[in-house]
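**Student:** Okay, handing you the structure first.
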Amino acid sequence: MREERETPKPWKKTEVIGKPMPRVDAYERVSGSAIYPSDTSLPDMLYGAILRCPHAHAKVLDIDAREAEKMPGVRAVIKGDTNGASVEWPYLRGFKTKLFDLYCRHEGEEVAAVAAETPYQAWDAVKAIKVKYEILPFVVDERKALESGTPAIHAGGNRSGEPQTYERGNVEKGFGEADVVLEETYRTESELHTPMELHGCVARWDGDQLTVWESTQGVYAVQARVAEVLGLPLANVRVIGSYMGGGFGSKLQAGKYTIIAALLSKKTARPVKVFLTREETFLCVGNRPPSNMTLKAGVRRDGTLTALEFGCIGTGGAYPAGGTSSVDWLVRDLYQCPNVRTKLTDVYINAGPSRPCRAPGHPQGAWALEQMIDALAEAIKMDPVELRLKNIPLYSQAREGNPPYTSTGLKECLKEGAEAFGWNEALKKASEANARGGPLRRGVGMASGLWIAGGGGPPSTILIKLFSDGSLNLNMGASDIGTGTKTVMAMVVCEELGVPMRKIQIEHADTRTTQYATPSGGSKTVPTEGPAVRAAALHVKQQLLEMAGRELKTEADQLDLKNGEIVSTIDPTKKIKIANLSELKRQGVILGVGYRGPNPDKKVVNPFGAQFCEVEVNIQTGEVKVLRFLAAQESGRVMNRLTYDNQVVGGITWGVGLALTEARILDAQQTGKMVNRNWHDYKIPTALDVPAEVISLPIEPEDTEANTTGAKGLGEPVTIPTAAAIANAVYNAIGIRITRTPINPLTLCPLLARRRKEG
Ligand code: MOS
């Protein structure tokens, strides 16, 4: 029963919250003793491997698995016509294919699967399955998907849903009122999530109960998908997440591999492990969609933005998967502008379906908008920080009713960030250095951003069991996706109950034993779960003080909890240790239950940020080196300064990847296949690509409205402005605007050469 309880007051001074605390599971993680799903090994376990279509676009005419079935160690081969395997796989907008569909619309689409005693036997058998394909013409360039004569991927053509449009004010009138109107096209390449731990699971049946150990951001989301696809009651599907080695949005749902593992396990009556290879994850389990954007912007000499018009063609691959999700959000909401029009066109290509990827759509939109703002500033001879400061909104213009933000620190991010970075001095120094000539050119650049989400709820439920010796269990359904969620939650408990961190045992991410939670995504886990943890801790505290009041013969509201002791606030000699409470000894535990209430009505909870960087460009080799970065992030309260700073470094690293190194390459000429499906040919940033100096400057407004912790979420907000800030710095260094990612010697040298020729 959910009894009425007082909403906790906002924290004033905190003892634990905000401090830099190492992760509660740091030892397990670095020593290798943490058991990740990919480490799971069960007695009698078989290994699964999946046969995938090698063509970009093909129809399966015939599958002959007779030879494979007879090979050593092979225990099962399944395909679309296998009993029980003819299930459907859902995409967005209600679109479904078969799990093993005879019509393959992208390279890597699942055709059949094998379970065998060893992974090698499974792969040998996969190779021995003979498939006859009818190879079809393909399209892998979304810019050509709607051209006439392009092969259609679906019966209705290559449009993925109707274009989405948004409009406010009068854009034509706005451009008419501008002193300067600029127009530019931009492109960001498709990025791959490529988490350290591959995608996969171990599945095991016990009668009609299925247990899945999966590398996932959300065990309840996996449970729901598995139950839906296999037609099982939710209660019969147990998903265990425990540790997981990165997801970045690509593990918010079950994969086809989850279903395949379950089917193979059912057929063989043995546990089956299916973990994909790196190549398979590149092809099949998501990507950040490529974005082809146009942006027209009008500004007056005084810096007032008069109109913005934005268009984007994107693709979620071969199926409805959100190819243009949120790409226009920053154009709609980051700056004060009365006249805005956007249009998003999502098309199909013969490529693996996209999945949410680190602040979906936002880094792409920032790449366009934040470079445009930079160009407008130059055109009206205004400092780019100043121009942004002139256009800061205090409410959300793109949402119905223009609701205000609970807090917006964008102004402080810009001002304090510029100050701490030494923006003016750095600009001056760079231009002086460049005037001296030579191959190395310096540049500084900046950009800002906001993130569309900021946590929410319900649902979020937390249980805390305080034992009679003062140790406790914290029970939550949410996954810790590597960001330090468990640590932050333990700190919240610590703050309220004064129990030392080492006495807190955390059970999480198990649909059988832990509470319901939505997946850890959208940078919402801390602001969503934190308030529920706080409520559960306060529930324990209330019961504990009442119990101590009975024992000390005093009123509970005259008692306080400090270092495992309950002390009278009036007479400090009146005190008792938790471990000495006789009633608690008899009762065994105090159970605290905490729920997450809703976010404030008619207000918006969003994080903001501004970033500043300095680069060095070698105009002979086209190399770009990011020298330093400063991120001024406003995500409400800082919960743990150490994991906070970790997220800042992580977000900037992602942005360096988008700006400088990462791009999925599909062979548009001959095969339609991905040509860089490995960590050698697809370059993620390494330690050498990330600036040695990354400064995290938290801007902490007192946000008493966002939720009862005041935190708004940090992970994704950081990566939104980074790539654009780098592009602006490169422009500052060499005077060439690079509108397409990635900025690398291959793309930069021709531009430098052309300029040398043109003089
Ligand atoms: Mo988020 S797209 O779940 O990293």
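**Student:** When you go through (1) within 16 Å of the ligand (Cβ to nearest atom); (2) open to solvent by 10 Å² or more (accessible area, probe 1.4 Å); (3) not in a loop (DSSP other than H, G, I, E, B) one by one for I684, which number turns out not to apply?
**Tutor:** Of everything listed in (1) within 16 Å of the ligand (Cβ to nearest atom); (2) open to solvent by 10 Å² or more (accessible area, probe 1.4 Å); (3) not in a loop (DSSP other than H, G, I, E, B), I684 misses just condition (3).
**Student:** Could I ask something else about it? Across the range 229-252, which residue is nearest to S520 (Cα to Cα) among those that are within 16 Å of the ligand (Cβ to nearest atom) and surrounded by fewer than 21 Cβ atoms within 10 Å (Cβ to Cβ)?
**Tutor:** The extreme case among them is G246.
**Student:** Specify the residue that is least open to solvent (accessible area, probe 1.4 Å); the eligible residues are those in the range 544-574 that are modelled with pLDDT under 95 and in a strand (DSSP E or B).
**Tutor:** Of everything passing the filter in the range 544-574, L561 is least open to solvent (accessible area, probe 1.4 Å).
**Student:** Considering only residues of the range 505-543 that are assigned to a strand (DSSP E or B) and either surrounded by fewer than 22 Cβ atoms within 10 Å (Cβ to Cβ) or in the same structural domain as C357 (by TED's automatic domain parsing) (or both), which is farthest from the ligand (Cβ to nearest atom)?
**Tutor:** Q505
**Student:** Residues that are of a type outside the set (V, I, T) and either part of a strand (DSSP E or B) or under 17 Å from the mean Cα position of the chain (by Cα) (or both): does the range 484-494 have at least one?
**Tutor:** Yes: one or more hits.
**Student:** Pairs needed: first member in the range 635-655, at negative phi; second member anywhere, open to solvent by 30 Å² or more (accessible area, probe 1.4 Å) and of a type in the set (S, T, Y); C-beta distance under 8 Å; at least 6 residues apart or different chains.
**Tutor:** What qualifies is T643/T483; N646/T483; Q647/T483.
**Student:** Among the residues of the range 612-653, count how many are open to solvent by less than 40 Å² (accessible area, probe 1.4 Å), under 23 Å from G247 (Cα atoms) and not aliphatic (A, V, I, L, M).
**Tutor:** Total meeting the criteria: 9.
**Student:** Then there's this: Give the number of residues within the range 204-228 that are within 16 Å of the ligand (Cβ to nearest atom) and among the β-branched types (V, I, T).
**Tutor:** Number satisfying all stated conditions: 3.
**Student:** Quickly run through the range 275-302 and pick out the residues that are more than 16 Å from the ligand (Cβ to nearest atom) and closer than 21 Å to W679 by Cβ.
**Tutor:** The answer is F275, L276, T277, R278, E279, E280, F282, L283, C284, P290.
**Student:** Any chance you could count how many residues in the range 716-759 are open to solvent by less than 10 Å² (accessible area, probe 1.4 Å), polar (S, T, N, Q), more than 16 Å from the ligand (Cβ to nearest atom) and assigned to a helix (DSSP H, G or I)?
**Tutor:** Counting residues in the range 716-759 that are open to solvent by less than 10 Å² (accessible area, probe 1.4 Å), polar (S, T, N, Q), more than 16 Å from the ligand (Cβ to nearest atom) and assigned to a helix (DSSP H, G or I) gives 1.
**Student:** Moving to a separate point now. Quick one: in the range 126-167, which of the residues that are in the same structural domain as H57 (by TED's automatic domain parsing) and touching a helix residue (DSSP H, G or I) at 6+ places or on another chain (Cβ under 8 Å) is farthest from I313 (Cα to Cα)?
**Tutor:** Only one residue fits best here, namely A128.
**Student:** Please pick out the residue among T165, T150, T194, T185 that is under 29 Å from the mean Cα position of the chain (by Cα) and either surrounded by 15 or more Cβ atoms within 10 Å (Cβ to Cβ) or modelled with pLDDT under 95 (or both).
**Tutor:** Being under 29 Å from the mean Cα position of the chain (by Cα) and either surrounded by 15 or more Cβ atoms within 10 Å (Cβ to Cβ) or modelled with pLDDT under 95 (or both) holds for just one of T165, T150, T194, T185, which is T194.
**Student:** Tally up the residues in the range 213-244 that are part of a helix (DSSP H, G or I) and either at pLDDT below 95 or not charged (D, E, K, R) (or both), please.
**Tutor:** Residues in the range 213-244 being part of a helix (DSSP H, G or I) and either at pLDDT below 95 or not charged (D, E, K, R) (or both): 13 in total.
**Student:** Here is a follow-up. Across the range 423-458, what is the total count of residues that are surrounded by fewer than 16 Cβ atoms within 10 Å (Cβ to Cβ) and under 23 Å from L387 (Cβ atoms)?
**Tutor:** Of the residues in the range 423-458, 5 are surrounded by fewer than 16 Cβ atoms within 10 Å (Cβ to Cβ) and under 23 Å from L387 (Cβ atoms).
**Student:** If you don't mind, another one. Criterion first (open to solvent by 20 Å² or more (accessible area, probe 1.4 Å), in contact with a strand residue (DSSP E or B) (Cβ under 7 Å, 6 or more places away or on another chain) and more than 23 Å from G311 (Cβ to Cβ)) does Y395 satisfy it?
**Tutor:** Yes, satisfied.
The values are calculated or read from the model by the stated rules, or taken from the named source; none is laboratory data. Everything quoted here is computed from the prediction, not taken from an experiment. Don't worry about glycine lacking a Cβ; one is built from the backbone with ideal geometry, like all the others, and counts go over all protein chains shown. Protein only, heavy atoms only, side chains kept; ligands, DNA and RNA dropped before computing areas. Shrake-Rupley method; radii C 1.70, N 1.55, O 1.52, S 1.80 Å.
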